[in-house]
Amino acid sequence: MRTLHFAGGPRIGVSGANASTFYAQYWLDKIGLATKNVNELDNLSVEIVAGGGLGGEKENVTRIHLWDFQMGRDGNGLHAAAAAGVSWVIGHADAPPLALPVDVPEKWCGLIGANLALSALLEANLKGHVRARRVDVSAADTLRSFADQNSGNHAEIDSGWRRNGSTAVEHGGIFPQGYYACRDGHVGLVGRSRGDWAAIRDVIGRPAWSNEERFDDPLVLARDSAEADELLSKALAEFDRDDLLQRAIKHGAPLAPVYATEELVDRDVVRHGFLGDDGSTNLPFDIVQRAGQGATGHKEETGEIAS
């Protein structure tokens, strides 16, 4: 059990509105650190500002500016993904690039903003004062950091960062890696070693082709996996997801089914309470709100986070 104490209650104000600030508020409210319009707070600790807004006029406040696109420019997550190069590598090689779904750029920007707000509150609590500063977070810069990681070192990696379908870019010679269709849905596979590939072949019952010498080394197959991918796909299509999962557990293979939300509940895959009544996901830990007396005698909000 981890307990966070914020004397007098956390004071997080929000100025303006964009997608990133919405998600920052969502996560902060989710963990019990309620946010309010900046004009409703007298004693402000942290302010989350949409884009280049001026924010409030109060002094000694940490202001976190969240940009849906990039600093100093209006735009949204679609622009951020394009500018960062991320959307350009999503999809098949012979098809147009695709966009990141469901506000992924803005969600990351908002999540980082929420973490920074929490860090500022902890600093104020530990040091007894708030340091005035400005922090800018942009969705485009966040995605650029992902792109830099994926682009890697081309002196050592043959497979460049490009559109190549279901196989992850810059996967470093891993085979198999991707989502494969089976009889009633899809499964994900990530083979990182010869041992993984051996276990995957055990899962599919060691068909004759899988024992041929030319299919024995996954590091060699990763250079040109077209034939092996086709044969593996045909083999997996003979099994159901649940059957493949049990076989994977038995043989220690890196394979997992793709389940819909209701299937996760039916199979007890997630903990009780992880999904709300409306099907939305909750935090991966429980939060218990309690009111106690702080050292000053004033009421102190305490958030207890149980992982």
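All of the numbers you see were taken from the coordinates with simple rules; none came from a lab. Small disclaimer: the values here were computed from a predicted structure and weren't measured. All Cβ positions, glycine included, derive from the backbone under ideal geometry; neighbour counts span all protein chains shown.
Can you list residues from other chains, or at least 5 along the same chain, whose modelled amide H is less than 5 Å from the amide H of residue 182?
Result for residue 182 returns 187.
Shape call for the range 2-150 from the C-alpha gyration tensor, a ≥ b ≥ c root eigenvalues: rounded (a/c under 1.5), prolate (a/b greater than b/c) or oblate?
Values: a/c = 2.54, a/b = 2.12, b/c = 1.20.
Prolate.
So what are the ³J(HN,Hα) numbers for the range 71-79, from phi and the Karplus equation (6.51, -1.76, 1.60; θ = phi - 60°), rounded to whole Hz, Gly and Pro as x?
4, x, 10, 7, x, 9, x, 4, 5
To the nearest 20 debye, what is the magnitude of the charge dipole of the range 2-150 about its Cα centre, counting +1 on the Cβ of each Lys and Arg and -1 on the Cβ of each Asp and Glu?
Working: 13 positive and 15 negative charges, 99 e Å.
Computed about the Cα centre, the dipole is about 480 debye.
In the range 2-150, what % of DSSP beta bridges are antiparallel (nearest 5)?
5
Based on C-alpha coordinates, I'd like the Rg and Dmax of the range 177-258, in Å.
11.4, 31
Counting only residues 5 or more places away or on other chains, whose amide H sits under 5 Å from the amide H of residue 65 once H atoms are built in the peptide plane?
Residues meeting the amide H criterion: 49, 135, 136, 137.
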